[in-house]
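Trainee: Can you keep this structure in mind? I'll have questions shortly.
The values are calculated or read from the model by the stated rules, or taken from the named source; none is laboratory data. Because the structure is a prediction, the values reported are computed rather than measured. Cβ sites come from the backbone with ideal geometry, for glycine too, and all protein chains shown count toward neighbours.
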Amino acid sequence: MASTSQRFMDVILLSMLNLLTFVWIRPVNGDIYVKNIFTNHTVEKYQDVQSSFGLDFPNDGLEGWLVYASPDSTACSPVYGPPVNETKCDVTTCNYILLIARGGKCEFSDKVLNAQQHQYSAAIVHNYMHNEDTFAMGGGTNGSLVNIPSTFVGYSDGMELRQFNYTHRKYIIKIVEDDTELKLFLWPFAVVV
């Protein structure tokens, strides 16, 4: 029969593991910065939540030209590829980020996979009209096929981001995901172990 102190330690250990699991699967929050390429100043900043499928954003972030999905803003059907002729920058030297509307008859992973198949480096999905909620998009059926990072923003932020698209030749988007909070939380547990 296990002693009372052993049972107490088991409960503590199980509680710690549950807490770590909860924190570990918590979505990574980050920021999307809009930078003026002539002054190198940040002109806007938006909060986002990274998807639960696809690649993570690089540690130092990902910069690129923003393109709004067209002709299907939901990217449930084929979209136009990056505007390399207009920007004079091809997909091997520049990143293009596709901004996609939530909706249509497809899963989030299908939208991002569509962006990937049309040579975009990343995707941002914005929520339904008048819905500012953000969450980690699920991978669904095709999540394992996605090899680019993606993130989710509220509707208003998506509409504002749309104003900073590549056609201005003035703004670049930088997406930085921040898991510092998670690392700071886990540090004491790493020291104990």
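Trainee: Could you check how many residues of the stretch 81-115 are under 24 Å from Y155 (Cα atoms), of a type outside the set (S, T, Y) and in contact with a Gly (Cβ under 8 Å, 6 or more places away or on another chain)?
Mentor: Total meeting the criteria: 9.
Trainee: Sticking with this one: Inside the stretch 81-100, can you point out the residues that are touching a strand residue (DSSP E or B) at 6+ places or on another chain (Cβ under 6 Å) and either in a strand (DSSP E or B) or not polar (S, T, N, Q) (or both)?
Mentor: P82, Y96, I97, L98, L99, I100
Trainee: Working carefully through the options D133, D110, find the one that is modelled with pLDDT of 95 or more and not in a strand (DSSP E or B).
Mentor: Within the list D133, D110, the selection yields D110.
Trainee: Which residue out of S109, S77, S73 is within 19 Å of L161 (Cα to Cα) and among the hydroxyl-bearing types (S, T, Y)?
Mentor: Residue meeting the stated conditions: S73.
Trainee: If P78 satisfies all but one of (1) assigned to a loop (DSSP other than H, G, I, E, B); (2) in contact with a strand residue (DSSP E or B) (Cβ under 9 Å, 6 or more places away or on another chain), what's the number of the condition it fails?
Mentor: P78 satisfies every listed condition except (2).
Trainee: Given (1) modelled with pLDDT of 95 or more; (2) assigned to a helix (DSSP H, G or I), identify the lone condition not met by A190.
Mentor: (1)
Trainee: Let me ask another. Can you tell me which residue among L113, L145 is surrounded by fewer than 19 Cβ atoms within 10 Å (Cβ to Cβ), under 19 Å from G81 (Cβ atoms) and over 13 Å from the mean Cα position of the chain (by Cα)?
Mentor: L145
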